[in-house]
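Notes to accompany the following structure.
The values are calculated or read from the model by the stated rules, or taken from the named source; none is laboratory data. None of the values given here were measured: they were computed from a predicted structure. Positions of Cβ are generated from backbone atoms using ideal geometry, with glycine treated the same way; all protein chains shown enter the neighbour counts.
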């Protein structure tokens with residue numbers, strides 16, 4: 001987008017690029033602000049159309065005007081464009097860094113990747129030529145580098161996950177462990193007092209639950225459309241109550257959402273947010289229901305009846 005904006009401001013954008021910029025600009029208040037800030041950056045790089053009087057006097061004193069060689073003119077043109085792109089790129093980096101990021105990514109020595117949600121923790125027990133073992137507390141996304149000679153084992157407070165190579169989410173607490181499989185095959189186990197472990201195989205689109213309230217393992221299709229939204233920032237609501245929406249937004253962005261009118265929680269929302277910032281998502285919800293909102297310091301308040 002940075003290069004397209006540079007071409008847009010310099011008048012060199014194609015018709016398709018102009019439509020792309022104008023469509024992107026109208027998507028959200030955040031994009032509109034970024035557009036006008038980028039335009040200000042571009043304006044600051046342009047020379048004054050009318051030189052100051054003392055500069056004109058100095059030019060008139062010259063016996064002969066000096067022409068700038070064609071090659072130099074082109075160099076100035078492209079150098080200005082490069083400076084503009086660099087400035088706009090920096091602007092976008094600053095804007096992106098201001099967004100809510102509710103996870104941290106870690107690369108393991110075996111090539112596997114782990115994303116830890118919020119304040120979750122990952123402890124490396126042992127990764128060597130024979131086995132790979134870790135312990136996780138909280139919620140984590142695993143993308144395991146396949147190695148049939150070395151199983152990858154994840155321990156939680158009350159369960160064990162064993163894989164060769166796959167991707168999945170583990171959510172653990174003192175009382176339960178939940179596994180949602182994105183791809184591949186997972187062996188999910190629970191140790192029952194006085195007996196051997198019980199285990200089930202989970203494949204893509206399935207989830208398993210181990211809980212102190214259940215003797216065995218609950219296995220079912222994963223119907224949670226937002227189980228990975230905290231990492232992807234792609235959120236889907238299909239007739240979800242605002243109470244459910246509140247929980248998802250808090251999980252994804254790490255923000256606090258409250259309602260002035262508690263009956264608002266019973267309203268239902270169908271929407272999809274594709275990598276929106278928290279404030280933009282709150283604004284869209286407020287406009288959808290025709291209510292006001294306040295957003296500051298990671299706290300959102302929705303005001304009004306809602307439905």
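General remarks:
- Filter result for residue 260 (free of Cβ contacts under 8 Å to residues at least 12 places away in the same chain and surrounded by 13 or more Cβ atoms within 10 Å (Cβ to Cβ)): no
- Apart from one condition, residue 305 fits all of (1) touching a strand residue (DSSP E or B) at 6+ places or on another chain (Cβ under 7 Å); (2) farther than 30 Å from residue 190 by Cβ; the exception is (1).
- The criterion of at least 2 residues that are under 27 Å from residue 175 (Cβ atoms) and touching a strand residue (DSSP E or B) at 6+ places or on another chain (Cβ under 9 Å) is met by the following strands (runs of 3 or more DSSP E) wholly inside the stretch 209-290: 217-221, 234-241, 256-259.
- In the stretch 237-249, residue surrounded by the fewest Cβ atoms within 10 Å (Cβ to Cβ) [restricted to those that are in contact with a helix residue (DSSP H, G or I) (Cβ under 8 Å, 6 or more places away or on another chain) and touching a residue at least 24 places away in the same chain (Cβ under 8 Å)]: 241
- Only one entry of 255, 284, 217, 235 meets the criterion of being at pLDDT below 95 and within 29 Å of residue 159 (Cα to Cα), and that entry is 217.
- In this structure, residue 139 does satisfy being touching a residue at least 60 places away in the same chain (Cβ under 8 Å), under 26 Å from residue 249 (Cα atoms) and in a strand (DSSP E or B).
Condition check ((1) at pLDDT below 95; (2) closer than 20 Å to residue 135 by Cα) across all residues:
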{"residue": "152", "(1), (2)": "no, yes"}
{"residue": "157", "(1), (2)": "yes, yes"}
{"residue": "161", "(1), (2)": "no, yes"}
{"residue": "175", "(1), (2)": "yes, yes"}
{"residue": "221", "(1), (2)": "no, no"}
